[in-house]
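Asks: The structure that follows is given in the form of structure tokens.
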Amino acid sequence: MSDAAQTVNAAGQAPQDVRELAAALMEIDDLLVSCMRCGFCMGVCPVFGATMKEADVTRGKIALLENLAHEMIADAKGVNEKLNRCLLCGSCQANCPSGVKIMDIFLRARSIVIEYMGLSPVKKFIFRALLVRPKLFNGLLDLSGKFQSLFLKDASKVVGTSCAPLLNPLIGDRHFPALAKESFHAVLPSLNSPAGKSGLKVAFFPGCVADKIFPNVAHASIKVLQKHGVGIYMPEGLVCCGIPALASGDRASYDALLRQNLKLFAAGSFDYLITPCATCTATFKEIWPKLTEKYSFVEREQIKKLHDKTLDITQFLVDVLKVELSEPENSGKRITYHDSCHMKKSLGLVAQPRKILKSLPGCQLVEMPEADRCCGSGGSFTLAHYDLSKQIGQRKRDNIVSVKPDMVAVGCPACMMQMMDMLSHNNDAIPVKHVIELYADSLS
């Protein structure tokens, strides 16, 4: 490579190919042209709704990206901070009259900026030293789960949260579910069972949060699938779906995680790929197929096949298995449902989880206002911008308590954590459960 084809990034790291950077910038330019600056995104963006700042809404970020190369050279850190003040909830994209592929733009832009300025040491350690090494990552968290009681104290036994005052300078005054005493992978590291009465076999992907924090969600999923005669392929060594790394701009770790999972899935034979995590499902279906320009033909074909096979577990039960879901008398325990952003806006799943909830004996579904309004989690967003995340989450909490529910049902483990935090902080005695947990309990 000639000297003219190289540059040094803002972090002073190894030179990168200017032609690759230019090509990536041109791809973003091609995606930006359809934005009409209509401002529809302003009415649905939860971050803008909290701050009322133009720089926090999609239209403002797109204005920044139109001159991305110049802005990066002038202030790469500032550009990165502005791009990361986004939940990636997809509300803007779902309501854009021009069909701008906003999530695609933002993910690519974050990768370009991090490629230019370099990943922070903390994220580099988390993604490249831990997340891509499942044995080390799982072992470290399993060990942490055994000693966490030294730092934690109960915040709400009803909601199921803890707090860690000594760690407040690092994590903020958040209330959170503790790591599971026994992670899902420690109890059930792998599974390969034949199809039963359903005649179907699925690959099961629990997801990181269900594996390490809410193992009951993963166990409930296995119980339900086995109850309906579904064979299960779950290979040992599954890793993160990759969205945390990609959302942080770390394309290298994302690619490594994707390829590890791809190899494990390729070794099995199954009809569908099922997850109880809306974020993981959306990643497999919406993100994996879009960022394949550097992958081999074989890898691209594998990703396409997985896209066609991937379903949320509620969609699989209702649309594929067509499980019998009679609606009993509308009385009893009041359950309200939160439409996770990836569940509704990315996957278009609205009726399926509600059909399951309406079938639960001794329960009634009560709809909260703004059921599809983002809860403010956004994965790493809540870690980097906790005060803003709490402000958005408080609105969700207020909508929840307005209908006086006995319980909140959710289809995304990350949203479960956010709502548990908000309810616990407000001393609301309202437990949060995954839809599949409630359905599994009804089969007992």
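Asks: Check 63, 109, 55 and return the single one that is surrounded by fewer than 17 Cβ atoms within 10 Å (Cβ to Cβ) and within 23 Å of residue 30 (Cβ to Cβ).
Replies: 63
Asks: Please go through segment 234-255 and pick out each residue that is aliphatic (A, V, I, L, M) and surrounded by fewer than 19 Cβ atoms within 10 Å (Cβ to Cβ). Talk me through it step by step, then tell me what you get.
Replies: Keep residues of segment 234-255 that are aliphatic (A, V, I, L, M), which gives 234, 238-239, 243, 245-247, 252.
Selection gives 252 alone.
Asks: Would you pick out the residues in segment 274-311 that are in contact with a His (Cβ under 9 Å, 6 or more places away or on another chain) and either under 21 Å from residue 110 (Cβ atoms) or not polar (S, T, N, Q) (or both)?
Replies: Of everything in segment 274-311, those that are in contact with a His (Cβ under 9 Å, 6 or more places away or on another chain) and either under 21 Å from residue 110 (Cβ atoms) or not polar (S, T, N, Q) (or both) turn out to be 276, 277, 278, 279, 280, 282, 283, 284, 285, 286, 288, 289.
Asks: Additional query: Answer yes or no as to whether residue 113 is touching a residue at least 60 places away in the same chain (Cβ under 8 Å), of a type in the set (A, V, I, L, M) and farther than 25 Å from residue 261 by Cβ.
Replies: Values: touching a residue at least 60 places away in the same chain (Cβ under 8 Å): yes; of a type in the set (A, V, I, L, M): yes; farther than 25 Å from residue 261 by Cβ: yes.
It is true that residue 113 is touching a residue at least 60 places away in the same chain (Cβ under 8 Å), of a type in the set (A, V, I, L, M) and farther than 25 Å from residue 261 by Cβ.
Asks: Among the residues of segment 328-358, how many are over 15 Å from residue 375 (Cα atoms), at pLDDT 95 or above and of a type in the set (S, T, N, Q)?
Replies: The number of residues fulfilling the criteria is 1.
Asks: Is it the case that segment 123-138 has a residue that's in contact with a Ser or Thr (Cβ under 7 Å, 6 or more places away or on another chain), basic (Lys, Arg) and within 29 Å of residue 214 (Cα to Cα)?
Replies: Yes; the residues of segment 123-138 include at least one that is in contact with a Ser or Thr (Cβ under 7 Å, 6 or more places away or on another chain), basic (Lys, Arg) and within 29 Å of residue 214 (Cα to Cα).
Asks: Another one. Filter segment 421-430 for residues that are buried (at least 24 other Cβ atoms within 10 Å of the Cβ) and in contact with a His (Cβ under 7 Å, 6 or more places away or on another chain); which is farthest from residue 212 (Cα to Cα)?
Replies: Here the residue is 424.
Asks: In segment 361-437, which strands (runs of 3 or more DSSP E) lie fully inside it and hold 1 or more residues that are under 16 Å from residue 89 (Cβ atoms)? Write out each step before concluding.
Replies: Values: elements: 363-365, 407-410, 432-434.
Because the criterion is at least 1 residues that are under 16 Å from residue 89 (Cβ atoms), the strands (runs of 3 or more DSSP E) in segment 361-437 that meet it are 407-410.
Asks: Scan 130, 136, 140, 166 and give me the residue that is out of contact with any helix residue (DSSP H, G or I) (no Cβ under 8 Å at 6 or more places or on another chain) and surrounded by fewer than 20 Cβ atoms within 10 Å (Cβ to Cβ).
Replies: Of 130, 136, 140, 166, the one residue that is out of contact with any helix residue (DSSP H, G or I) (no Cβ under 8 Å at 6 or more places or on another chain) and surrounded by fewer than 20 Cβ atoms within 10 Å (Cβ to Cβ) is 166.
Asks: Does residue 377 satisfy being surrounded by 15 or more Cβ atoms within 10 Å (Cβ to Cβ) and at pLDDT below 95? Spell out how you get there, then give the answer.
Replies: Details: surrounded by 15 or more Cβ atoms within 10 Å (Cβ to Cβ): yes; at pLDDT below 95: yes.
Criteria met by residue 377.
Asks: Follow-up. Among the helices (runs of 4 or more DSSP H) contained in segment 187-275, which hold 1 or more residues that are of a type in the set (Ser, Thr, Tyr) and not assigned by TED's automatic domain parsing to the domain that holds residue 380? Write out each step before concluding.
Replies: Details: elements: 208-212, 215-227, 243-247, 251-266.
Those helices (runs of 4 or more DSSP H) span 215-227, 251-266.
Asks: A follow-up question, please. What number of residues in segment 83-119 are touching a strand residue (DSSP E or B) at 6+ places or on another chain (Cβ under 8 Å) and hydroxyl-bearing (Ser, Thr, Tyr)?
Replies: Selection size over segment 83-119: 1.
Asks: Among the numbered conditions (1) assigned to a helix (DSSP H, G or I); (2) in contact with a Phe, Trp or Tyr (Cβ under 6 Å, 6 or more places away or on another chain); (3) farther than 25 Å from residue 294 by Cβ, tell me where residue 141 comes up short.
Replies: (2)
Asks: Look at residue 37 and say whether it is out of contact with any strand residue (DSSP E or B) (no Cβ under 7 Å at 6 or more places or on another chain), assigned to a loop (DSSP other than H, G, I, E, B), within 27 Å of residue 396 (Cα to Cα) and among the charged types (D, E, K, R).
Replies: Judged against the criteria, residue 37 is not a match.
Asks: Within segment 314-373, take every residue that is among the polar types (S, T, N, Q) and in contact with a Pro (Cβ under 8 Å, 6 or more places away or on another chain) and give me the one that is surrounded by the fewest Cβ atoms within 10 Å (Cβ to Cβ).
Replies: 359
Asks: Run residue 88 past the list (1) out of contact with any Leu (no Cβ under 8 Å at 6 or more places or on another chain); (2) buried (at least 20 other Cβ atoms within 10 Å of the Cβ); (3) under 21 Å from residue 393 (Cα atoms) and report the number of the one that doesn't hold.
Replies: Tallying (1) out of contact with any Leu (no Cβ under 8 Å at 6 or more places or on another chain); (2) buried (at least 20 other Cβ atoms within 10 Å of the Cβ); (3) under 21 Å from residue 393 (Cα atoms), residue 88 fails exactly one: (1).
The values are calculated or read from the model by the stated rules, or taken from the named source; none is laboratory data. Only a predicted model underlies this, so the values are computations on that prediction, with no experimental measurement involved. Don't worry about glycine lacking a Cβ; one is built from the backbone with ideal geometry, like all the others, and counts go over all protein chains shown.
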